[in-house]
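Student: Sharing a structure with you now.
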Amino acid sequence: MIQKRVITIQDISCIGRCSLTVALPIISAAGIETSILPTAILSTHTGGFTGYTFRDLTDDIKPISEHWKTLDLRVDALYTGYLGSREQLELVEQLFRDFRADATLVLVDPAMGDQGKLYPAFDLGFALGMRDLCAAADIVVPNITEATFMLERPYPGSDYDQPYIEDLLRQLAELGPTQVVLTGVSFEPGTLGIAAYDKQTSRFDYYFREQIEGYYHGTGDIYSSALLGALLNDKPLIEAASIAVDFTVAAIRRTYDANTDRKFGVDFEHELPLYIKLLS
Ligand code: PXL
């Protein structure tokens, strides 16, 4: 069996379980070789901590990829999460062009906001740049905030219905990607889940679980990483999307029960055996 290889391109937030510190262990647990391209190093993530350090690694992206081009790498997936600037978005688009083969899956999680707001570092120009990166992907995994910013539509809060969600999914797929998984969808109080759309089959699928009270940092990154790991284990879209929900919910439930400070992220580590079981 040839082991698959992912290149994931996102920041290292040293403390606070998100971006590369969750992508690496989760995708590795799925049996995939996980190569990384760190875009910045922060002492913590930017959501809930103050005084964090930020070392930009934009200038390293091109030399790293130039070296990689000499290695004749087989790349089964390219996966991006939090990116720091419009310049990085353009460098990453070039990297897609350089490393994408016919069978390469390109997954873009446009990690840039939540709850109707962009994260502190971003503005509308960045969101539109992210839209262009999404256009170059095979699969995108936004939440409703990110989707509405990219489509320049107003944020609906909790006031939406199934036709609205299906319209968002179709519009996101029209940008370019074949598959879209929209996270943070709820049609009924107390439940939360995802909506998935495949442009090739025009099929919509949903998967919901019980909503656990509170806001948990880094769970979008955990979700996308688990989704990619499942897809690369040849799970069909809705099965992969559901496995990733079950894993993420288990990690959130454990963290809720432990009542730890949520800005440090969720205890996904103890749920990795569950994830591996769900993949088998
Ligand atoms: O989880 C998304 C994320 C990743 N990286 C950094 C962040 C955030 C969200 O705030 O600040 C640096």
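The values are calculated or read from the model by the stated rules, or taken from the named source; none is laboratory data. Predicted model, so just to flag it, every value in this text is computed and none were measured. Every residue, glycine among them, receives a Cβ derived from its backbone with ideal geometry; neighbour counts consider all protein chains shown. These accessible areas exclude ligands, DNA and RNA; they are computed on the full protein's heavy atoms, side chains included. Shrake-Rupley method; radii C 1.70, N 1.55, O 1.52, S 1.80 Å.
Student: Run the numbers for THR178 and GLU213: contour at 0.36 nm per residue of separation, minus the present Cα-Cα distance, in nm.
Tutor: Stretched out fully, the THR178 to GLU213 stretch lengthens by 9.3 nm.
Student: Beta carbons within 10 angstrom, averaged per residue: use that to sort the peptides 111-124, 235-248, 129-142, highest first.
Tutor: Order by mean packing, descending: 129-142, 235-248, 111-124.
Student: In the chain, what percent of the accessible surface is made up of carbon and sulfur (1.4 Å probe, ligands and nucleic acids excluded)?
Tutor: Roughly 51 percent, rounded to a whole number.
Student: Charges on Cβ only, +1 for Lys and Arg, -1 for Asp and Glu, centred on the Cα centroid of the chain; of TYR160, THR145, SER43, which one is farthest towards the dipole's positive end?
Tutor: The one lying farthest along the dipole's positive direction is SER43.
Student: Among 102-110, 167-175, how do they line up by average Cβ neighbours within 10 Å per residue, starting with the highest?
Tutor: Packing proxy ranking, top to bottom: 102-110, 167-175.
Student: Okay, moving on. Place the peptides 177-185, 26-34 in order of packing, highest mean first, counting for every residue the other Cβ atoms within 10 Å and averaging per peptide.
Tutor: 177-185, 26-34
Student: Given points 7 Å out from each Cα along the Cα-Cβ axis, report the GLU188 to HIS67 separation in nanometres with one decimal.
Tutor: My value for the distance between the label points is 5.3 nm.
Student: Between SER28 and TYR164, what length in nm is gained on full extension when 0.36 nm per residue of separation is reduced by their alpha carbon distance?
Tutor: 45.4 nm
Student: Taking only protein heavy atoms and a 1.4 Å probe, what accessible area per residue, in Å², does the range 5-279 have with all protein chains in place?
Tutor: 42
Student: Short version: ³J(HN,Hα) in whole Hz for each residue of the range 106-121, in order, from phi by Karplus 6.51 cos²θ - 1.76 cosθ + 1.60 (θ = phi - 60°), x for Gly and Pro, what are they?
Tutor: 9, 10, 10, 9, x, 4, 8, x, 6, 6, x, 10, 7, 4, x, 6
Student: Let me ask another. Suppose we keep just the alpha-carbon trace of the chain; what are its Rg and Dmax in angstrom?
Tutor: Here Rg and the maximum Cα pair distance are 17.4, 53 Å.
Student: Related question: Students often get this wrong: which residues of the range 200-241 have the backbone nitrogen under 20 Å from the point 7 angstrom along Cα-to-C-beta of THR260?
Tutor: Zone members listed by number: 212-226.
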